[in-house]
Amino acid sequence: MHYRDLLQKVIYMIIDPVVKGMIKIGITPNFITTTGLILNIVAAAIFIYAGYQCCDALMYVGIGGGVVLFAGLFDMLDGRVARVGNKVSRFGAFYDSVLDRYSELFTLFGIFFFLILKGYMAWAIVTFVSLIGSIMVSYVRARAEGLDIECKVGLMQRPERVVLTALGAIFCGVFAHITTFDPVLILTIPQAVIAVLANYTAFVRIAHCHRHLK
């Protein structure tokens, strides 16, 4: 069994009581998806606010990371509520996919802007490259599925990107006062990993499609 499938089963065991409660009170998958987007916008706003702070800026980065991680739970909840509550729809799948892209754009833009405000221009460019890779991973898959090609190959899919981004921001805040090295590296090195692996994944998917279409 693939590690992602095993992890997904464990997570579903944990969240299923919450899912059933949401279904019981009438919360819809699209409402959950929208809430996830709003939380990611809030996280982006916190990152931008952190950029304007002279003191405790990294504390706000950590808070933003916590919001991103919390918002990531909604990515699992909406699909699970749809399946368990028999509310699966083609529009729901489309809506979820579109808002996921918006969520990722807002989050990475917030980090990008924070880094510019703090003078980390090189790392801001790295974050922008990670944003490009994140979008292209999803776009290549969507384009492939439009050609009836299943395209889930690659290393850096959305759950991995969200977790890396969130944990990087959280631990940047936790270790804000260390002096042995610049704690901003805890935020930016995960972005470098995403920049490399997400773009690599996009090209792996392009090669996968080339083999099928050839």
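When the chain is modelled as a GNM with alpha-carbon springs shorter than 10 Å, which of G64, G26, G119 fluctuates the most?
Between G64, G26, G119, it is G26 that shows the largest mean-square fluctuation.
Within segment 117-132, find all residues whose amide N lies under 18 Å from a label point positioned 7 Å from the Cα of Y52 along Cα-to-beta-carbon.
Only 117-119 fall inside the zone, counting backbone N under 18 Å.
First measure r as the distance between the Cβ atoms of A207 and T28, then evaluate 1/(1 + (r/R0)^6) with R0 = 30 Å and state the FRET efficiency to the nearest 0.05.
Values: r = 38 Å, r/R0 = 1.28.
Calculated value: 0.20.
Count the lysine pairs in the chain whose Cα atoms sit under 21 Å apart, keeping only pairs 8 or more residues apart in sequence or on different chains. Can you show the working numbers first?
Details: K9/K20; K9/K87; K9/K152; K20/K87; K24/K87; K152/K214.
Value for the chain: 6.
Pairs of alpha-carbon atoms within less than 8 angstrom and 6+ residues apart define the contacts here; what relative contact order does the chain have, in percent? Working shown, then result.
Details: 281 pairs, mean separation 53.2, N = 214.
Value for the chain: 25 percent.
Are there trypsin sites (Lys or Arg not before Pro) in segment 139-202 that DSSP marks as loop and that have at most 13 other Cβ atoms within 10 Å, and which are they? Walk me through the numbers on the way to the answer.
Values: sites: R141, R143, K152, R161; in loops: K152.
Passing both the DSSP loop test and the Cβ count: K152.
Extending each Cα 7 Å along its Cβ direction at I132 and I14, get the distance between those two points in nm, one decimal.
A separation of 3.5 nm, rounded to one decimal place.
Scan around C151 for amide H atoms under 5 Å from its own, H built in the peptide plane at 1.01 Å from N, and keep only partners 5 or more places away or cross-chain.
Excluding prolines and chain starts, which carry no amide H, there are no hits.
Calculate what fraction, in whole %, of the accessible area of segment 88-214 sits on carbon and sulfur atoms when a 1.4 Å probe is rolled over the protein chains. Kindly include the intermediate steps, with their values, before the conclusion.
Numbers: 4890 of 6850 Å².
On segment 88-214, the fraction of accessible area on carbon and sulfur atoms equals 71 percent.
In whole Hz and in residue order, list the ³J(HN,Hα) couplings for segment 94-99 that follow from phi through the Karplus curve 6.51 cos²θ - 1.76 cosθ + 1.60, θ = phi - 60°; x for Gly and Pro.
So the J values, rounded to whole Hz, are 5, 4, 4, 5, 5, 5.
Determine the gain in length on full extension of the stretch F94-L6; use 0.36 nm per residue of separation and subtract their C-alpha separation, reporting nm with one decimal.
Answer, rounded to one decimal: 29.1 nm.
Given a Förster distance of 30 Å, report the FRET efficiency between R83 and T179 from their Cβ-Cβ distance, rounded to the nearest 0.05. List each step's numbers first, then the result.
Values: r = 49 Å, r/R0 = 1.63.
Working from the Cβ atoms, E equals 0.05.
Can you work out the Karplus-derived ³J(HN,Hα) for every residue in segment 109-124? Use 6.51 cos²θ - 1.76 cosθ + 1.60 with θ = phi - 60°, whole Hz, and x for glycine or proline.
Values per residue, Gly and Pro as x: 5, x, 5, 4, 5, 4, 5, 5, 4, 8, x, 8, 5, 4, 6, 5 Hz.
Compute the helix-to-body angle for 57-84: its Cα long axis versus the longest principal axis of the chain, expressed 0 to 90° and rounded to tens.
The angle comes out near 0 degrees.
Which parts of segment 175-212 would a label at L147 reach, counting a residue when its backbone N lies under 14 Å from a point 7 Å out along Cα-to-Cβ?
Residues 203-212 fall inside that zone.
Taking Cα extents along the principal axes in Å straight from the coordinates, which label in (1) 49, 42, 29; (2) 47, 37, 28; (3) 50, 50, 29 is the correct one?
From the options (1) 49, 42, 29; (2) 47, 37, 28; (3) 50, 50, 29, the structure gives (3).
What longest region of the chain stays clear of chymotrypsin sites (Phe, Trp or Tyr not before Pro) that DSSP places outside H, G, I, E and B and that have at most 16 other Cβ atoms within 10 Å? Walk me through the numbers before you get to the answer.
Numbers: sites that count: Y52, F175, F181.
Excluding the exposed sites themselves, the longest stretch runs over 53-174.
In the Gaussian network model of the chain, springs joining C-alpha atoms below 10 Å, which of I27, I63, I170 carries the largest mean-square fluctuation?
Looking only at I27, I63, I170, the largest GNM fluctuation is found for I27.
Can you give me the C-alpha center-to-center distance between segment 138-214 and segment 69-106, rounded to a whole angstrom?
Between the Cα centre of segment 138-214 and that of segment 69-106, the gap is 19 Å.
The values are calculated or read from the model by the stated rules, or taken from the named source; none is laboratory data. Predicted model only: the values in this text are computed from it and were never measured. Cβ sites come from the backbone with ideal geometry, for glycine too, and all protein chains shown count toward neighbours. Note: accessible area is taken over every heavy atom of the protein model, side chains too, but ligands, DNA and RNA are not part of it. Shrake-Rupley method; radii C 1.70, N 1.55, O 1.52, S 1.80 Å.
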